[in-house]
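K.L.:
Take a look at this one; I'll ask things after.
Readers should treat all values here as calculations from the given coordinates under stated rules, not as data from a laboratory. The model shown is predicted, which means the values in this text are computed figures rather than measured ones. Virtual Cβ from ideal backbone geometry, glycine too; neighbours counted across all protein chains shown.
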Amino acid sequence: MLERLLYQSTPTQEFGSLALFKLLTDAQHKNAQMQITGHLLFVNGQFTQCMEGPPGSIELLWQNIQRDPRHQHIQLLMRRATEKRRFPEWSMAFSTYSAFYVHGMRGFFPVDANDQSPLIDLCHEA
Ligand SMILES: Cc1cc2nc3c(=O)[nH]c(=O)nc-3n(C[C@H](O)[C@H](O)[C@H](O)COP(=O)(O)O)c2cc1C
């Protein structure tokens, strides 16, 4: 059994390319160890993150996320059991404006002119 969790939050600090690069590469490294996969969206001054993995790992990460001073107004949007991963290939894919791309970022997807990424809806689909 796996769990999938979706939340939204607002950064408490200005995130530039390098801060995002560090956040993402740290997350990808830790997630790989915890068998977590998912997607992080950063547009319009908001994070939306979908994570999936073993319930114990999800609970641990969710506790960490809620304590992280780099963001606030953390709102849980969905948490449910699931059988199958939606992001099996990405320890944390990342969709944002192409201007934030740093060479070497893995799992990077530029958003389109409407701030949309093809990965956004994957988390919600039945
Ligand atoms: C928007 C946002 C997304 C994050 N995503 C992850 C993540 O996917 N995986 C992760 O391990 N940490 C993530 N973090 C960092 C965690 O909040 C926390 O700093 C980290 O898990 C602490 O790990 P440590 O206890 O090993 O220091 C994220 C932080 C922010 C602000």
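K.L.:
Taking the range 25-45 as the search range and keeping residues that are more than 8 Å from the ligand (Cβ to nearest atom) and among the aliphatic types (A, V, I, L, M), which one is nearest to the chain's Cα centre (by Cα)?
P.N.:
Leu41
K.L.:
When you go through (1) closer than 17 Å to Cys123 by Cα; (2) near the ligand (Cβ under 10 Å from one of its atoms); (3) in contact with a helix residue (DSSP H, G or I) (Cβ under 8 Å, 6 or more places away or on another chain) one by one for Ser57, which number turns out not to apply?
P.N.:
Ser57 satisfies every listed condition except (1).
K.L.:
Let me spell it out: the conditions are (1) buried (at least 19 other Cβ atoms within 10 Å of the Cβ); (2) among the small types (Gly, Ala, Ser); (3) outside any strand (DSSP E or B), and Gly38 meets all of them except one. Which number is the exception?
P.N.:
(3)
K.L.:
Which number in (1) among the aliphatic types (A, V, I, L, M); (2) farther than 20 Å from Phe15 by Cα; (3) within 10 Å of the ligand (Cβ to nearest atom) marks the one condition that Leu77 misses?
P.N.:
So Leu77 meets the others, but not (3).
K.L.:
Something else: Across the range 86-96, which residue is surrounded by the most Cβ atoms within 10 Å (Cβ to Cβ) among those that are part of a loop (DSSP other than H, G, I, E, B) and within 14 Å of the ligand (Cβ to nearest atom)?
P.N.:
Checked the range 86-96; the qualifying residue surrounded by the most Cβ atoms within 10 Å (Cβ to Cβ) is Met92.
For (1) part of a helix (DSSP H, G or I); (2) of a type in the set (Gly, Ala, Ser); (3) closer than 24 Å to Pro118 by Cβ, each residue gets a yes or a no:
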| site | (1), (2), (3) |
| --- | --- |
| Ala19 | yes, yes, no |
| Thr25 | yes, no, yes |
| His29 | yes, no, no |
| Gln33 | yes, no, no |
| Gln49 | no, no, yes |
| Glu52 | no, no, yes |
| Glu59 | yes, no, no |
| Asn64 | yes, no, no |
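K.L.:
Among the residues that make up the range 3-14, is at least one of them in contact (Cβ under 8 Å) with a residue 60 or more places away in the chain, more than 15 Å from Pro69 (Cα to Cα), more than 10 Å from the ligand (Cβ to nearest atom) and in contact with a Ser or Thr (Cβ under 6 Å, 6 or more places away or on another chain)?
P.N.:
yes
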